[in-house]
Amino acid sequence: MARIPTVELTRYLLARQMSHHGCLRVGRASLPSRAAIGQTRRFTSPIQSSTPASPAATPSPPVPLRKQLKDQARALKASGYKKKKKTDNQTVPGWELTVGIEIHAQLNTARKLFSPAATSFDDRPNSHVALFDLAVPGSQPIFQPETLIPAVRAALALECDIQRVSRFDRKHYFHWDQPAGYQITQFYEPFAKDGHIKLYARDGIAAEDGEEVTVGIKQVQMEQDTAKTVAMAGETHRIDFNRVGVPLIEIITLPEMHHPATAAAFVRKVQMLLSSVDACTSGLEEGGLRADVNVSVRRTDDASDTLGTRTEIKNLSSFKAVEDAIIAERDRQIAVLEAGGAVQGETRGWSVGSIETRRLRGKEGEVDYRYMPDPDLGPVVIGEQLIEHLAKSMGTLPDGEVDLLINTFGLTAKDALALKSLDDGIRVEYFYNVVRHLEGHYRRVDVPEELRHKHSSLAANWCLHELGKLVKASNELGWTENGECVIPSASLAEILYQLQEKKITAKVAKELLWMSFRQEIPGGHVVAVIDTMGLWFKELSENEYAELADEAAEDEDKVLSEFLRFKDGKSKAYPQGKLMFLVGKMMRAGPEEQMDPGSAERVMRKRIDKVYVPSLQSKGAS
Amino acid sequence: MSTRSRLQGLCLRHVSSKRRHAATSHQQRRLLNQFISKAPLQDDTPDTQPPFPPFTLAVKDNIATQSLPTTCASSFLNAYHSPFEATIVTQLRSRGACLVGKTNLDEFGMGSHSTHSAFGAVSQTLPNEGGEEYSAGGSSGGSAVAVAAGEADVALGTDTGGSVRLPAAYTGVVGFKPSYGMLSRHGVVPYANSLDTVGLLARGVKEIRELVVGGGLWLEHDPRDPTSLSEAARARCASVRKGYAGVDGGKPEEVLRGLKFGIPLEYNVEELDPRIRDAWAAAAAALQKLGARIVPVSLPTTRHALSAYYIIAPAEASSNLAKYDGVRYGSRASDTDAGSSDAADGGVLYAASRGRSFGSEVQRRILLGAYTLSSEAMDNYFIKAQKIRRLVRRDFDRAFALANPLQGEPEPFDLSDLSEDILMENKLGPVGVDFLLCPTAPTLAPKLEDVVGAEGQSPVNAYVNDVFTVPASLAGLPAVSIPVRVAAEGGHKDVANTAGLQLIGQYWDDARLLAAAGAVMEVLGGSSR
C-alpha cells in the first residue's frame, strides 16, 4: 500500500479539522487549515503546497477570519488576480462542467451507532466511550436500532427508496482517530437508494438552470464517525474518543450538476431538509455536515457519452467554499486540457479564500479500502411499518413550508427561505410564535389576509434583520427547541403591536428590543417599562406640526415654487423629493420622539397646498 | 515443579480420587510450555452454586480474563490486561470453574501446531520415547496439553477451522466445537469472526456435556455478542431437536441403536495415514455391530473447502488485527519508524511496529487477507470463497436427515451430482444421516522438529492438517473429536498412537451429538463418556 504523508492524511481524514476562527464552528480543532491558509497566500506549485511545513510546529495566535480574508484579498490583488463577476462565472463557453457531491451528516441520536455510549458535543473529552468504541480486544458491535429513525427520516426527505435489507461493511485504513483500523459503513448494500431533490430558482441555483432542476441521489448510507483530534502546542495531538462511532449518514449524488451555484444550492438545501426532519445535529458551518465534491469537465461538442476524468475536493466547510472550489477546479482542469495536458484522477484540497485547489494525493496514492462485509453484524431489516410511521410523522418538508410562508403569510421568497434555513428551523418557529402573539392583540378570529400579511411582514423583518443586529452569531440568541430565544416571542410581539399602532416610535421599539435582549425588562412586561420610562409616543398636535412646517418653509420660496409649477401644470410629476426635503427639515427642527414622519409629511403637504402655494401665487400676482 | 504441585493443591479437594490418580500419573512429563500465566493459589475460590460441582478450568489466552493477562501469545499484547471478562469465563465460573491458568496457543489462534507463539512452542513428550517432543496441535495446543496432563478438568479453546479438534486429536483428549452462535464470543479476541467459536476440551465427553447441555450453556443468549443466537432463535432451533432435556442417557448400545452414521467418501484422501484409515473403518464396523447404520455419503465441495477457508479466515484476520498498531498495544518500533513529524518523507506511524511485533504466520495471513480483499482480487477470491462456503453448507444439508433450522426449504438437487458410490434409499435419493463419522486429522501428531523452523513444514503442509475440520467450521456445524487407539508402530503404546475421530452433527444438534460421541467413545474403549 502506498505511503501517504501523515500531514496529508490529517488534512483529508480529519474531517472537522479545518480551523474556523471567528464565526465558523466554535470548539472544533484547528490543526491543518492554519498551515493551509498560510500556504494559499504563497501561490506555490501544487507539489510544494501539498507538503507544507508541519502546521503545529509553529503555533501562532489565532487570526480572526475577517483579517485572514482581508489579507488574502490583499495578496490576491498584489498578484494581479482579477475577480470574475459572479454572474459570468457559472459557465465557460465551449466546456461543460459536471459535479457530483458527497455529504456527511451527523445523525441526531442519543446513542452511538454500535455502542450504547451517549453522543455528545463539547463534553469532557473521553467521557462517553464504550469498550467497542475503543476497539478493545474481544468487544463487539451492538447495532443501536434507534439510530435508524433519523437516518430513515433523512432518506425519506431525500425521496429515496428505503431498502428492506441493508448491510454493514468495513472500510480499512490506518489512522489514529479510528481505533479499529477500519470504519464500519455501508458500501455494498446501503439502506437507501435512488432519491432526488428538486432545486428551485429561489434556492439560489444558477440562472442557466432555469426555474428548477432535479438532482439524483445515488445512495444514502450509515457509517461511524471518527475520533476528534485536538492539536496542542508543538507536535502533540490529543484525541477525544467521544466522537468515535457517532452515527453519520453519507449522501452520494449522481454527477448531475453542471453549475457551481447549483451545487452550493444543493448542499444548502440538503442541510435545510435534514434539519427540518430533525435528522441532523447541526449544519455545515457548525461541523455537523461535511461536503466533498467530484468535479470533471468536457468539451460541449464532445459527442461521446463519457464524462471527463474527475478529481475529488475533500472537506468543504461552507456553501461559499463549495461554489468557489468548484469554479477554481473547473478552471484549473480546463486550463490543463487547453494546454494539451490530461487531468489526473486525484484528491485535492481547498482552503477558505483560496483561488486554486491543491493536490493532496494522486491516484497512485489512493488507499485500497479493502471493503469487507462486517462478519459480526447481521443485516439491518427495515420494516414497511416503520417507514410508513416515519413518513407520516415527518411534518411539512421545507419546500412546502416555504410555499406556506410566501402564500399564506405574504413573505418574499428571500425572507421565507432565510427564516426556514436559520438556526436549524428554530427561527421560523419563533416567527410563528411572534405572529401568533401579535394577532392575539387584535382579538380577531379570522384575520383578513391583508392584515395578516402586514403583521407577518413586520414580524419577519424584525425576526430576521433587527434580531440579527443584536448579535454577531445567531447562537448567542439562546434558541430553544420550542421556538423561543432570550427575547420572548410575546415581548417582541408586544413591541411590534405598539409600534404598529403607532403608540411608540421605531426608535423606541428598537431600544426596547435591546433592553429585552439585555434582560432589562422585568418579567417581560414591555408596557410597564414603556409606562415607567415614559416612552409612549406623545405626538405633537396638528397645530404644533403646522408651526414646525411654517418654520421649515420659511425662506424656501424657491423650493415651494416647484409646487406652484406643478399646480399650474408646468411640471408633470409632483415634486415628492422637494416635499421630503421640507419634511426632513421639519423633523430636524422638532422633537423627534414625538413626531411621526407620516404625520409630518401629511401636515406639510396640507400646508403647502392650502397655505404656502396660495401665498406664493398671491405674491406673484401682486 | 513446585508451581505445578501448588497448582494442583489448589483444587485438589475438589478433584475425585480417580482424577487425582490420572493427574499424578502425568507428572513425569516435562514442562511443556502449555501455560502462559498461572493463577496464584489464593485466587479463584469458585463461585460455586450447587448443583454444580467444582472443577479446574484452563483458559486459552485469547479469551479475556481479569485476574490474569490476555496475551493471545502475541508480542503486541504481552502485558495486556483485559478490562472485562469474557462471558464464557463468567458462565463457567458460576458453574463451579476454578481458573488455574491461561494456556499457550498459536498467536491470535493462527496455526496448527501451537508453535507460532511469542512465548515459545507448546509440545507434548512421550515418556517412553526418550523425551522426543511432539506437536500438541493448534491453535489450542496449550489447552489440550493442560487437560491431557491433568492440570485442568476442562479447558476453553477457540475453534475457527479446527483449533480445538486438532489438538484434541493429537493429544488424545475430547475437543468440542459447538454450533456457531451457541456460546458467546464476547471477550474472545477474534481471529475470523464468522468462523470463530468457543470450544471445550476435557478428558471425556461427559464433562463437556454436563456443562453445555446439563449446565444450560446452550440456552444462554449474550446480548453483548451480536452473533449469539437470540432466545427466540434458540427456542425455535431446539424445538426441532432432541436431547436438550437432560444428560441422562441409556447404555451406549441404546443410544447408538438405529442411528445413521454417514461416512463422507471425499474424506478418504490419499494423504490419510493408513493407521487412521484402519481405525476409522474399525470404528464404523463396531458401531454397525451395535445396531447403528453406516451409510456412505458424498460431500463433493470438500475439496474446495480448505482453499475457501484460507481465503475467508485470513481476510477477516487482516481486518481484525488492524487495531494492533504499536501505539495503543505493544511498543513503538521507534528505530525505523519515521514518526508523524517526518510525514514529508512518506514516513508512516505503524508499519515498522507491525512488522516487528507480529509473528511470521500472523504476518503471512494478514498479507494474504489484505490481498484477497483488495479491489482487484476481491471478486476472484473473497467472493468465490463465500460461494464455496454456501456450497459446503448445502452439501451438509443434503447429507443430514434433519433440516438446517437457519435455512428455508431444502433446495432440490440433481441426483446425478452425487458420486456413484452413494446408495439410493428410494427414488427420492440417498438416506439422510444423523451424524458424520470421519477422522479429525489426516495424520498422527507429528514430531515437533518436523513442524518448526526452516526445515519444518511449509505453510501449505500445515494448512492441510485442517482439511477435515474446516468444512464443519465453514458451515457453522457442531463437531466433536474423540480419541481412538491406532495400531501401535514399533510396539509403543502412547499418545502418538492416538488419533482423533470426528463426529459432525446438523446445526444445533449439539445435545444429541455429544450424547452419541460419549457412547461411541465408550464403545471404542475410551476411558469415559
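Residues of the range A:165-194 that are in a strand (DSSP E or B) and not charged (D, E, K, R): A:Val165, A:Ser166, A:His172, A:Tyr182, A:Gln183, A:Ile184, A:Thr185, A:Ala192. For A:Glu450, indicate whether it is assigned to a helix (DSSP H, G or I), away from chain B (no Cβ under 14 Å) and at pLDDT 85 or above. The answer is no for A:Glu450. Annotation note: Cβ proximity below 6 Å between a residue of the range A:291-314 that is under 16 Å from A:Thr91 (Cβ atoms) and a residue that is modelled with pLDDT of 85 or more and of a type in the set (Ser, Thr, Tyr) (sequence gap 6+ or interchain) occurs for A:Val295/A:Thr311; A:Ser296/A:Thr98; A:Gly308/A:Ser296. Residues in the range A:227-267 that are among the charged types (D, E, K, R) and part of a strand (DSSP E or B): 4 in all. Residue check: A:Arg370 meets all listed conditions (1) free of Cβ contacts under 8 Å to residues at least 40 places away in the same chain; (2) within 14 Å of chain B (Cβ to nearest Cβ); (3) among the basic types (Lys, Arg) but one, namely (1). Here B:Pro410 passes the criteria (1) modelled with pLDDT under 80; (2) farther than 22 Å from B:Leu513 by Cα; (3) not polar (S, T, N, Q) except the one numbered (2). Just one of the listed residues (B:Thr56, B:Thr65) is outside any strand (DSSP E or B) and modelled with pLDDT of 95 or more, and it is B:Thr65. For the range A:126-158, filtered to residues that are away from every other protein chain (no Cβ under 14 Å) and touching a Cys at 6+ places or on another chain (Cβ under 8 Å), the residue that is surrounded by the fewest Cβ atoms within 10 Å (Cβ to Cβ) is A:Pro150. Among residues that are under 30 Å from A:Cys463 (Cα atoms) and out of contact with any His (no Cβ under 7 Å at 6 or more places or on another chain), A:Lys538 is included. Taken together, A:Ile205, A:Ile217, A:Ile197 contain a single residue that is part of a loop (DSSP other than H, G, I, E, B), within 30 Å of the chain's Cα centre (by Cα) and under 23 Å from A:Val267 (Cβ atoms), which is A:Ile205.
Among the residues of the range A:526-546, those that are exposed (fewer than 14 other Cβ atoms within 10 Å of the Cβ) and not aliphatic (A, V, I, L, M) comprise A:Asp531, A:Thr532, A:Gly534, A:Lys538, A:Ser541, A:Glu542, A:Asn543. Residues of the range A:227-243 that are touching an Asp or Glu at 6+ places or on another chain (Cβ under 7 Å), of a type in the set (S, T, N, Q) and within 14 Å of chain B (Cβ to nearest Cβ): A:Thr229 alone.
Taking residues in the range B:182-210 that are at positive phi, and partners anywhere that are buried (at least 24 other Cβ atoms within 10 Å of the Cβ) and among the hydrophobic types (A, V, I, L, M, F, W, C), the pairs with Cβ atoms closer than 6 Å and at least 6 places apart or on different chains are B:Gly187/B:Ala64; B:Gly187/B:Ala86.
When A:Val402 is tested against the conditions (1) surrounded by fewer than 18 Cβ atoms within 10 Å (Cβ to Cβ); (2) at pLDDT below 85, the lone failure is (1).
Taken over the range A:552-581, residues that are within 21 Å of A:Ala506 (Cα to Cα) and of a type outside the set (Phe, Trp, Tyr) amount to 1.
Filter the range B:373-397 down to the residues that are buried (at least 19 other Cβ atoms within 10 Å of the Cβ) and within 9 Å of another protein chain (Cβ to nearest Cβ), then identify the one that is nearest to the chain's Cα centre (by Cα). So, considering only residues that are buried (at least 19 other Cβ atoms within 10 Å of the Cβ) and within 9 Å of another protein chain (Cβ to nearest Cβ), the one nearest to the chain's Cα centre (by Cα) is B:Phe382. Examine the range A:491-502 for a residue that is over 30 Å from A:Tyr612 (Cα atoms) and surrounded by fewer than 16 Cβ atoms within 10 Å (Cβ to Cβ), and state whether such a residue exists. Yes: one or more hits.
Once the range B:371-400 is narrowed to residues that are at pLDDT below 95 and among the small types (Gly, Ala, Ser), the residue that is nearest to B:Val297 (Cα to Cα) is B:Ala399.
The values are calculated or read from the model by the stated rules, or taken from the named source; none is laboratory data. Remember, it's a predicted structure, so these values are computed and weren't measured experimentally. Don't worry about glycine lacking a Cβ; one is built from the backbone with ideal geometry, like all the others, and counts go over all protein chains shown.
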